[in-house]
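Taking it in order: structure first as structure tokens, then the write-up.
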Amino acid sequence: MTDIGIVGAGTAGLHLGLLLRQHDIPVTIYTDRSAEDVRTGRLPNSVAHHAVTVARERELGVDHWPVEEYGYVCHHHFVGGPNLFFRGDFAQPSRAVDYRIYQPRLMADFEERGGRIELRQVEADDLPALGARHDAIVVASGKRSLGEFFGIRPEKSPYRQPMRRLMVGLWTGIARTEPHGVTLSIAPGHGELIDIPIFSFAGHVNALLFENVPGGDLEVLADARYSDDPAAFRQLVLDKLRTHHPSVFERVDESSFQLTGPDDLLQGAVTPVLRNDYRLLDDGTVVIAAGDVHSVLDPVVGQGANSASYSGYTVGQEILADRGFGEDLGRRAAERRRERVETVSDWTNLMVQLPPADHIIQLLGAMSQSRSLCDEFTENFNHPERQWHDIVGSPEIAAAAIARHARAEEPANA
């Protein structure tokens, strides 16, 4: 009987494992963090799952957070300088749930359905021993040696250092938008803020993800230490919101604006890279990259978890097709997911480019005048291939999109 090993209990690994267990395939997930470790640890991210991922969760039987209660329906955009404010709507809601709640629940689902979780650290040198135990291995954890095992695709990895320095925290005291949605605020020359309504241990709160341009006025947020002086840290965040992200600041109640806890804060940076899809071990066992080890994304357009879910799930579909393992499985899985994974990477890299591409600036201006263009751009967070090929992929594509929506549109700020 087919037996699969998965390294990593993130979104890619869990969605893949749950899919395979639906078909009674033996699966072992290897992870160095127990569900309790995850639950009691530091905030890992501020990811949102869009409707395509929610639908996948529904198919897997893990739709534990109904969008009617936990979802949001739109993106509000604010562009400083010209002070443009406009909205784009989704066809179906997205949602964000703290991964310290989300992942332990899915780990429990996986084990309840007969999956096996083995607590151990796995490095690249451990893969041959795992290959002897399984018909195929899927690596969905981005630890250093595992990333190096696959190697970088230089033609799809244009940056050699982080393009943003990051700070994300969970905060109380921010009024919800109407309609309920994410706010994407751009401070030209300094960075972006993504304000995400998220469900966490404190209930419905706001994740403020600051994407700070190195050398800009907001970079200090990536270095400031909350533990040194919580009151000064809070005031620093308020001052930066007031100066650079006024559309979020105006919803803040300063009397109740607080970080929800010292572990509800994450600071750092990522260098975006796309790695090779698979490698063969000496015995012919295929090792397939998925999730963060395959595609490292800056979180600016919130595609990491959605891409990881798609990547892991499509690998599972190729395993279920039962057309053999070895290199053939690696090739089939790579081809099946290539367009989605590559366009997500290309789109993300475009959006963190410095200085910004002229056609992205033109698109933002056009979206402020065309509700239908803004809606299409927003809905395409579910469809990155369409975003790349129909909206953002080149100056010519952007110009055609603007022209396509130029007639008889109500202003997006209506």
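A short reminder: the numbers here are calculations on the coordinates, not readings from a lab. Just so you know, these numbers come straight off a predicted model, no measurement behind them. A quick note on method: Cβ atoms are made from the backbone with ideal geometry, for glycine too, and the neighbour counts reach across all protein chains shown.
So if each residue of separation counts as 0.36 nm, and I subtract the Cα-Cα distance between ALA357 and GLU118, what length gain in nm does that give?
On the way: separation 239, 0.36 × 239 = 86.04 nm, distance 4.59 nm.
Net length gain for the segment: 81.5 nm.
Jot down the radius of gyration and Dmax of the chain, Cα atoms only, both in angstrom.
21.2, 63
Can you pull the one-decimal nm distance between simple spin-label points at ASP328 and SER227, each 7 Å off the Cα toward Cβ?
Computed distance between label sites ASP328 and SER227 equals 5.4 nm.
Take VAL220 and GLN22, extend 7 Å from each Cα along the Cα→Cβ direction, and tell me the distance between the two endpoints in nm.
5.0
Bin by bin, in steps of 5 Å, what percent of the Cα pairs in region 1-127 do you find, going until the bin that has the longest distance?
2, 9, 18, 18, 17, 13, 8, 6, 4, 3, 1, 0, 0
Just need the Rg to Rh number for region 165-268, please, alpha carbons only, Kirkwood Rh. Please report the intermediate quantities before stating the final value.
Values: Rg = 12.5 Å, Rh = 13.6 Å.
Value, to two decimals: 0.92.
Along Cα→Cβ, 7 Å out, is where each label goes; now give me the distance between the ones at SER34 and LEU280 in nm to one decimal.
Calculated label separation equals 4.1 nm.
What would the Debye equation give as log₁₀ I(q)/I(0) for region 358-404 at q = 0.13 Å⁻¹, counting only Cα atoms as equal point scatterers?
Listed by q, the Debye log ratios stand at -0.22.
Treating only the Cβ of Lys, Arg, Asp and Glu as charged (+1, +1, -1, -1), what charge dipole size does region 165-268 show about its Cα centre? Round to the nearest 20 debye.
My answer is approximately 100 debye.
Can you give the FRET efficiency for ASP3 and SER255, using 1/(1 + (r/R0)^6), R0 = 51 Å, r = Cβ-Cβ distance, to the nearest 0.05? All intermediate terms of the calculation are to be shown ahead of the outcome.
Numbers: r = 57 Å, r/R0 = 1.12.
Once rounded, the FRET efficiency stands at 0.35.
Using only the alpha carbons of region 78-207, determine the length spanned along each of the three principal axes and report them from longest to shortest in whole angstroms.
Computed over the Cα atoms, the extents are 59, 41, 28 Å.
Over region 261-402, with a single point scatterer placed on each C-alpha, what log10 of the ratio I(q)/I(0) does the Debye formula yield at q = 0.15 1/Å?
-0.83
In Å and whole numbers, how far do the C-alpha atoms of region 216-292 stretch along each principal axis, longest first?
Between the extreme Cα coordinates on each principal axis of region 216-292 lie 62, 24, 22 Å.
Suppose every K and R has +1 on its Cβ and every D and E has -1 on its Cβ; what is the size of the dipole of the chain about the Cα centre, in Debye to the nearest 20? Intermediate results must be reported in sequence, preceding the final value.
Values: 40 positive and 59 negative charges, 36 e Å.
Dipole magnitude for the chain comes out near 180 debye.
Give the residue from HIS15, ILE397, VAL287 lying farthest towards the positive end of the charge dipole for the chain; charges sit on Cβ (+1 for Lys and Arg, -1 for Asp and Glu) and the dipole is referred to the Cα centre.
Of the options given, the answer is ILE397.
With both partners inside the chain, how many of the DSSP beta bridges are antiparallel, as a percent to the nearest 5?
Numbers: 44 of 67 bridges.
About 65 percent, rounded to the nearest 5.
Could you tell me the center-to-center distance, by alpha carbons, between region 219-268 and region 281-337 in angstrom?
Taking the Cα centre of region 281-337 as reference, the centre of region 219-268 is 37 Å away.
Calculate, for ASP89 and ARG58, the FRET efficiency according to 1/(1 + (r/R0)^6) with r their C-beta to C-beta distance and R0 25 Å; round to the nearest 0.05.
Values: r = 21 Å, r/R0 = 0.84.
About 0.75, to the nearest 0.05.
Any chance you could list the semi-axes, whole Å, largest first, of the equivalent ellipsoid that the Cα gyration tensor gives for region 236-340, using √(5λ)?
Numbers: eigenvalues 367, 36, 30 Å².
Taking √(5λ) for each eigenvalue gives 43, 13, 12 Å, largest first.
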